[in-house]
Amino acid sequence: MSETEESPTGPDPRSAIEQLEQQLSMLWRRSRSISHRVARDVHPDMEPAAYGLLLILQSEGAMRLTELAANIGVGKPSVSRQVTLLESLGLVRKQADPFDGRAQTITLTEKGLNQLLTTQLARKQAFRNRLSDWSEHDVEHLAVLLARLNDEYTKDK
């Protein structure tokens, strides 16, 4: 039976799941490649994982290292290394936590925010170019379905 054929009892759900797995695997591989490029667009020495940290700081504002690590679900040592790199590149800064002088918060610098905004603008334009032949409805539908899939992953926490 081909991938598009139905069995006598209806569509074969394994086929749809297999197609989804194959397409998502390809998308994730491409996404990793794009992440490397995007990180280099922000700064040539930046690692892809650090880009995600910048996005969190942009959307959430200043936060402690432990909060940042919890937000992305990785260990504090990994985030600490990335923050140290970002700080050395002038993209983030550490400052005393106003509520607890023993702790530090991490925030984007003006340079970090500007680099991030420039990169985000370029990414949005790349999406517009790539999806220019798609209808607005199709793009919105894809966004809804991806959001639904992402919501399913939040149930794993």
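The values are calculated or read from the model by the stated rules, or taken from the named source; none is laboratory data. None of these values were measured; they are calculated from a predicted model. All Cβ positions, even for glycine, are placed from backbone atoms using ideal geometry, and neighbour counts span all protein chains on display. Accessible surface areas use protein heavy atoms only, side chains included; no ligands, DNA or RNA. Shrake-Rupley method; radii C 1.70, N 1.55, O 1.52, S 1.80 Å.
What accessible area per residue comes out for segment 25-70, rounded to a whole number of Å², with a 1.4 Å probe?
Details: 2670 Å² over 46 residues.
Dividing the accessible area of segment 25-70 by its residue count gives 58 Å².
With θ set to phi - 60° and the Karplus curve 6.51 cos²θ - 1.76 cosθ + 1.60, what are the ³J(HN,Hα) couplings of segment 32-48 in order, to the nearest whole Hz, using x for Gly and Pro?
Result, rounded to whole Hz: 4, 5, 5, 4, 4, 5, 5, 4, 5, 5, 5, 7, x, 9, 7, 8, x.
Counting only protein heavy atoms and using a 1.4 Å probe, what share of the accessible area of the chain belongs to carbon plus sulfur, as a whole percent? Present the calculation step by step, with values, prior to reporting the outcome.
Working: 6050 of 11400 Å².
Summing carbon and sulfur atoms, their accessible area is 53 percent of the total for the chain.
In a shell of Cβ-Cβ distance under 12 Å around Arg123, excluding Arg123 itself, what net charge do Lys and Arg (+1) and Asp and Glu (-1) give? Write down the numbers at each step before the final one.
Values: positive: Arg37, Lys124, Arg128, Arg130; negative: Asp41.
So the environment of Arg123 carries a net charge of +3.
Considering Cα pairs under 8 angstrom that are at least six residues apart, work out the relative contact order of the chain and quote it in whole percent.
Across the chain, relative contact order equals 16 percent.
Could you work out [θ]222 nm for the chain from helices alone, using -39500 (n - 2.57) per DSSP H run of at least four and dividing by all its residues? Round to the nearest 500 deg cm²/dmol. Intermediate results must be reported in sequence, preceding the final value.
Values: 6 runs with 104 residues, N = 157.
Using -39500 (n - 2.57) per qualifying helix, the result is -22500 deg cm²/dmol.
Please work out which option in (i) 24.6, 89; (ii) 20.0, 69; (iii) 16.9, 50 gives Rg and Dmax of the Cα atoms in Å calculated from these coordinates, and answer with its label.
Structure-derived value, by its label: (ii).
Mind listing the long-range amide H neighbours of Met63? Cut-off is under 5 Å, sequence gap 5 or more, other chains count too, H placed in the peptide plane at 1.01 Å from N.
Correct list: Ile106.
Could you derive backbone 3J(HN,Hα) for segment 146-152 from the dihedral phi with the Karplus parameters 6.51, -1.76 and 1.60 (θ = phi - 60°), listing whole Hz in sequence and x where the residue is Gly or Pro?
Working through the residues one at a time gives 5, 4, 5, 5, 4, 4, 4 Hz.
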